[in-house]
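Quick notes on the structure that follows.
The values are calculated or read from the model by the stated rules, or taken from the named source; none is laboratory data. All of these numbers come straight from a predicted model, not from anything done at the bench. Here Cβ is always computed from backbone atoms with ideal geometry, including for glycine, and neighbour counts include all displayed protein chains. Ligands, DNA and RNA are excluded from the accessible area calculation, which covers all protein heavy atoms including side chains. Shrake-Rupley method; radii C 1.70, N 1.55, O 1.52, S 1.80 Å.
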Amino acid sequence: MDERSPLIIYPLSTEEPTNNGTPRRDSAPRSGTRKLSTFLGVVVPTLLAMFSVVLFLRIGFVVGQSGLYESVGMLILSYFIIGMTVLSVCAISTNGALDAGGAYYMISRALGPEFGGSIGIMFFFANVCGSALYILGLVENIVSMFGIPPGQEKNGVHVLPQSYWYEFFYATVLLLICLVVCLVGASIYAKATFLIFIVVMVVLIVVFISFFAVKEKIVTINITDGNVTHVLNGTFTGFKLSTLKDNVYPHYARDYTTGKMMSFATVFAVMFNGCTGIMAGANISGDLKNPSYSIPRGTITAVIFTYIIYNVLVLMISCTCDRTLLQNNYSFLRDINICPPLVTIGIYCSALSASMSNLIGASRILYALAKDKLFGMLLMPAKFTSRGGNPWVSVIMSWFLVQMVLFAGKLNTIAAIATIFFLLVYAAVGLACLALEWASAPNFRPTFRYFTWYTCILGILGCVTMMFLIQPIYASASIVFMLILLVCLHYLSPSHSWGFITQALIFHQVRKYLLMLDVRKDHVKFWRPQILLLVSNPENHKNLIIFANDLKKSGLFVLGHVRLEELDVLPSDPLQPRTDSWLQLVDELNIKAFVNLTLSNSVRYGAQQLLFISGLGGMRPNTVILGFYTRSTPEDLLKNDQELDRSTPFVYTSTVRTPPSENFSAWEYVAIISDSVKMSKNVVLARYFSEFDRSSICSLKGKDTYIDVWPLNLLRPDSATYVNTCSLFLLQMACVLNMVRSWKKAKLRLFLCVERDSGLRGQEVKLKQLLKDLRIKASIQTVIWDSVVALHWHKQVESADTAEEVYLNYPNNSIKISDDYLKAVNQMILGQNPMAPPAVRFLYLPRPPADTSIYNRFLNQVEAISRNLGPTLLIHGVSPVTSTEL
C-alpha cells in the first residue's frame, strides 16, 4: 500500500451489507462485465455522441441561421458550459469506486437518494429523448435522399413513400436495429462503435478534403410545402472572401422542416445537442475496467478534439457555402462531397451510434435506479440481467419510451426538450461537486485536481441560464417535475447508507454559526428555554416528552438518560447501540430534540455529567426538567437485567443487584435538584403527566382550557413576593406555553393569595400593572387564605415576645411547617374553580434547603402540596427572563 494513502475508502460503493456484515453482491459479477478500456469505453462513444447528427446534418443549419460570429460564440458558450461540467464529472469520478449509472450514480452518492433519484430520472429522460432525436435525424436524411415527394412518382433513388406514418415506420425499424445491438451487450456495442468510429473519421477527412477539391457547384434544392414543391438553387462557391463576408452576421429565417421562425435560442438548442454526449463514457461506468481512470482522461480528450473539429468546420463552411444552401439543405455536405455515398454512410453510422449510445446509457441509468430500489416495485423488473450482466429488461423499457418519443416526428421538435434535460443534469453534476467541495469533507480528495468551487458555480449558472433562454416553459416544467420527484423520494424512498451531503453541509455551517454564538452577548430580551429533560423510561413518559417539546419555544431540547453501569467491567460502551433507538423515539413522537446518554454508577453523578456536557458553545440547557419522584412505582425509574429482555430498551438499567430504593433514593433526587440550582439551571419538576393527554387538550371545542399559575412560595408565605426572579420565571414559562399553536386558545389564570387585612385592592392593581408591562394576558383571581396561612409556623411565633430568638434558633425553617398547613394549602389549590379544572398547573418550587439531612423532609412537603393536583409543574427559576424594555 502506498505510504501516502494509509486508508483506502470507497464511498461510492453500492454493495449492501448482509446481516453478517459481508457485502451482498448482485446476481451479475462485476468483474465479468468490466471489460472496456479508456479508448473504446470513453473516447469512442463520447466522440461519436458529440459528432452524430449535428456534425453532418445541422452544422450548416447553425451557420446559415446564426452566421460565423454567433456560431463561434455558440460553440464557445456550449463548450464553456460542458467544460465546467466535465471538470466536476472528473472530480467526482476520481473520488472513489464507480459503478453502473454514470451521472446518476455520482449524484446519488454525493447528494443522497432524493437528489440522485430525481436527477437520475431526468437524465434517463434526457437519454431517451436524445436517442429518439438521432433516429429522427437519420430518418430525415433517408427521406430527403430516397423519399418520394408528395404528388410525384418513383424516380431513380427516390423509392421510399414519404408521409408522417411512413417516417415513423422507418424510425421504428432503425430503433429496432439499435435495440438488437444493445441487447447483445456492452462489448458488442463497443466493437460496433469502434467500427463506426473508423468510418466517421474517414468521412470527416473526406469532408475536409472536399472543401478544397470541389470547385464551384450549384446544388438544386427541392422544398416541399404541403403538396407544393419549390425548387431553389444553393451555391458552393469554394473559398471566397465575399462568401465569408455574407456569412459573418446572423440572418434568421424559417426552418423548412417545421415552418417555425428561428432565433438564437432555438438554433442554440439544436446545436447544443452536439455537445450533450460528454456523459456517453460515464453512462457505462459499470462496464469500464477502471472508470476512475478512464472517465476523466477519455472525456477531456473527446471534448478537446470535437471542439477543434467543430470550429474548423464552421470556418470552412462560412467561407465556401451561401446562405440559401445552408438554410434549405441540411444534407449539403453530401452534395458537395467528392464521394457523396461515403458521407451518407457516415451520417447513417454516426446517427445510429449516437442513438445506441443514448439507448444503452438510458438502460444503465434505469438499471442503477432499480438496483437502488428508490422507486420500490415500480422499477423492480429493470433489475434483471443476462448471464453476462447485461440489464436486458431495462434496455427493453428504455426502447419502449424512445419509441413513444418518436411520435414527435421531427428532430427540431424535440431538440429543445432534450437539451433542457441534459442542461438540468449537468447543473446537478456541478451542484454535487460544489456541495462536496463546500462541505470540506476529509474523504473528498479526488485525484483530479483541476477544478475549484467557482468552476462548479460557473457551470451551474451557465446551464440554468441557457435552459431558460432556450425555452422558459419547458425549463420551468422540468424543474417543477424534478422537485416533485425529489419530495416524493424524500418521503417514500427507503433509507440508504450512502451518506447525505446535506448533513456535511449542515455540520459545516452549524459549526461556523456556533462559533459566532457568543454567550457574552446574551440578553434577557432574547432569552428562550433551553431544556434538558432527564428521562428514565420514555415509554412511560411520552406525554411529558411531548409537553416539554411545547415548552422549548424554538430553543434547545435535549433528552438526557443515565444508564447505571460501570465501564470498567464492560467490554464496550453499551450506549452506542441504544442511540438509534432513542432517535427512533424522537422521530416517532415528531419532536425536535437531541439525545444525550451517559454511563454512571449513580443517577446523581450521571445527571451531573449531563448538566456539564449537554449542549455546545452558546447552546446549552438553562432549564432542567425531571419527572416527580414516586416511591410507589420505582419500576418507572429502574429496571434490572431480568426485565430488560422483554421490555423496551428505554430504561434505567443496572447490573448491580440492589433494590431500586437504594440505587435511587429520595435524598439523591433532591440532591439532583440542588446540583442543578448550584449550576444556575432553572428546575422544573413534572408531576402527574401520565394523566396528561395533549391530543384531548388540542381537540376541545366549545370548552375553555385553562393554565393556572400560583406564583407565591407557598412554603414561605412570610418571605416571598410576586416580583422575585422565581415568580417571574413561572409567569414566563406559562406565557411560553400559551404561545404554542395548540395552546393559544388556553386562558391564563393567575392566583393572588392575600390576607383580608393586607390591602387586597393595592396588591391586585400592582399585579395587573406588572402583567401589562410584561405583555402577558392573564386573569387575576384573588384567593383569601387567612385560615390557611394561620396554620403556618411564622404566624404562631409572631405573637411571642421572643420571636427574634425563635427565628435565630431555626435556620432550617422548613422543618417547622406542619402537615396541617401542607394539607390546607393542597385543599386550597384543589378548591379553586372545581367546575373548570386547569389542563396544567404551575407552582412555585422553593430552593432545596442547605442542610442535606432534611432533603427527605423537603421532598415530602413538595409532594404534599402537589398531591392529586393533576398535571403540575413545580418550578424554581434562578435567572431573570423577563424584560419590559423594547
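Structure data summary
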quantity	calculated
Carbon plus sulfur fraction of accessible area for the range 514-600, probe 1.4 Å, in percent	49
Cα-based shape type of the range 393-535, given that a ≥ b ≥ c are square roots of the gyration tensor eigenvalues and the cut on a/c is 1.5	prolate
Dipole magnitude of the range 231-390, debye to nearest 20 (Cβ charges: Lys/Arg +1, Asp/Glu -1, about Cα centre)	440
Accessible-area composition of the range 334-412, carbon plus sulfur, in percent [1.4 Å probe]	76
Tensor-based shape of the range 440-486 (alpha-carbon gyration tensor, a/c under 1.5 rounded, otherwise prolate or oblate)	oblate
Selection from Phe384, Tyr474, Ile457 lying farthest towards where the dipole of the range 341-496 points positive, charges on Cβ	Phe384
The range 467-534: Cα Rg divided by the 2.2 N^0.38 Å rule of thumb	1.88
Label-reachable residues, the range 593-615, where backbone N falls under 20 Å from a point 7 Å from Leu514's Cα toward its Cβ	593-599, 609-615
Among 440-449, 347-356, the order from most to least packed when residues are scored by Cβ within 10 Å on average	347-356, 440-449
Segments 773-782, 427-436, 564-573 sorted - mean Cβ within 10 Å per residue, highest first	427-436, 773-782, 564-573
Length added when fully stretched, Val480-Lys745, from 0.36 nm per residue minus Cα-Cα	91.6 nm
Accessible area per residue in Å² at 1.4 Å probe, computed on the range 346-489	40
Between the range 378-450 and the range 545-621, the alpha-carbon center distance in angstrom	43
Label-point gap, in nm, between Asn590 and Thr630 - each point 7 angstrom along Cα→Cβ	2.7
Two-site label geometry, Ser818 and Val231: point separation in nm, points 7 Å out along Cα→Cβ	12.9
Mean Cβ count within 10 Å, highest first, over the residues of peptides 461-472, 480-491	461-472, 480-491
Solvent-accessible surface (1.4 angstrom probe) belonging to Lys373, in square angstrom, nearest 10	80
